[in-house]
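Written out below as structure tokens is the structure these notes cover.
Coordinate-derived values only; no laboratory data. Keep in mind the model is a prediction, meaning the values are calculated, not measured. Because the Cβ atoms are built from the backbone with ideal geometry, glycine has one as well, and the counts that use them run over all protein chains shown.
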Amino acid sequence: MNLVSLDIRMLRSLVSVIETGSITETARRLGRTQPAITLQLKRLEELAGKPLFDHENRRMALTGDGDTVLTYAKSILRLHDELLSQLASPSIEGHVTLGTPDLYAAFLLPSILSVFRRAFPRIQVELNCSLSTPLVGLVRRGEIDVALVTRMNDFTGGQVVGQEQLIWMVGDKSSAHLETPAPLALLPEGNIYRDHAIAALERIRRRWRIACQSESVGGLQAAAFAGMAVTVLGRSALVANMRELTPEEGFPALPKVDLLLYRSHAATSKAAHALHDYLAHYLAFAHAGESV
């Protein structure tokens, strides 16, 4: 095994896949895409020089060599996270309000916030879930300390910490994508997800209608699961029992959107700085792994 090329992210993906039994759930927990997780597991096998998974078994079953790597991976990750905790000044304490859309709260942040809580056990994080536009207003007025949002066309400032690939999604047993006009489940007006979806269909002159409008990802997913509509979300929200639609099915490729991180000018505490810097580092780190 080429230890120089061994990436901690590969080990974390391996452990999560075995714990959850699912690449989809691992992608959700780690804030990555399913193809990125699959590619990392393949790279890990290549570095090991031997199969780690029983590829004839439809379940995520390990070979004997895979069990050995898993044992070491758990130990390495435990020591890695313990080291981060020791270096993170756990004496810092305070209260921080973090604003973010529920899409990112559910699919990008859980694993990062979990590690942050271990590293800074005396910092209390209050989560405020809302749409990106009102959150930017709140952080600029000092009503929340830190905000992770989607860049809208009129946003200024903020630090780009990653990108999210937009995709069309539908329930895996749904036929909504075959309907004319295409029924859509979208966020309210003024949201860039909605703008990109409508613009893409207008470009190919495909007729559409709004079947569901919701400020929450849960509402959009419910409409897709029920077979009522097609929705547009970040690829990290592609969960079990949903599938991605392709251009061949009449849904053009969509762009990536920028993730912006803001910190209020009024948020001068060490706790606010710690959360902001932690998110900036780990989000950039996680999205860099999409190319791995």
Point to revise | 18 Å tail of the calculated P(r), the range 3-87, as % of Cα pairs | key: 41
Practice item. Quick one: compute the contact order of the chain, relative version, from alpha carbon pairs under 8 angstrom and 6+ residues apart, as a percent. Key: 23
**Study point:** Selected from 244, 179, 45 as most flexible by GNM, with the chain as the system and alpha-carbon contacts under 10 Å
**Key:** 179
Point to revise | Tensor-based shape of the range 108-169 (alpha-carbon gyration tensor, a/c under 1.5 rounded, otherwise prolate or oblate) | key: oblate
Check your understanding: In nm, to one decimal, how far is the modelled label at residue 199 from the one at residue 215, with both set 7 Å along Cα→Cβ?
Key -> 2.5
Review point. Counting Lys +1, Arg +1, Asp -1, Glu -1, what net charge surrounds residue 175 among other residues with beta carbon under 13 Å of its beta carbon?
Key: -1
**Study point:** Local electrostatic count, residue 127, Cβ distance below 15 Å [Lys/Arg +1, Asp/Glu -1]
**Key:** -3
**Study point:** Relative contact order of the range 201-292, defined on C-alpha pairs under 8 angstrom at six or more residues apart (%)
**Key:** 14
Review point. At a Förster radius of 30 Å, what calculated FRET efficiency corresponds to the Cβ-Cβ distance of residue 172 and residue 270, to the nearest 0.05?
Key: 0.05
Review point. Say R0 is 35 Å: what FRET efficiency, to the nearest 0.05, do residue 141 and residue 54 get from their beta-carbon distance?
Key: 0.05
**Study point:** Semi-axes of the equivalent ellipsoid for the range 164-257, Cα gyration tensor, largest first, Å
**Key:** 16, 15, 13
Exercise for review: Pop a pseudo-label 7 angstrom from the Cα along the beta-carbon direction at both residue 76 and residue 165 and give the gap in nm to one decimal.
Suggested key: 2.5
Check your understanding: Which label marks the calculated value of Cα Rg over 2.2 N^0.38 Å, given the options (1) 1.07; (2) 0.97; (3) 1.50?
Key -> (1)
Check your understanding: Treating the beta-carbon of each Lys and Arg as +1 and of each Asp and Glu as -1, no other charges, what is the dipole magnitude of the range 164-257 about its Cα centre, to the nearest 20 debye?
Key -> 160
Exercise for review: Work out the P(r) tail for the range 78-212: percent of alpha carbon pairs separated by more than 23 Å, whole number.
Suggested key: 50
Revision key, fill the gap. Which residues qualify? For residue 227, with a placed amide H closer than 5 Å and at least 5 residues away or on another chain, they are 171
Study note, to complete from the structure: Checking rank on 36-43, 261-268, with mean other Cβ inside 10 Å and highest first, the result is 36-43, 261-268
Revision key, fill the gap. With a Förster distance of 30 angstrom and the Cβ-Cβ distance between residue 65 and residue 246, calculated FRET efficiency to the nearest 0.05 equals 0.25
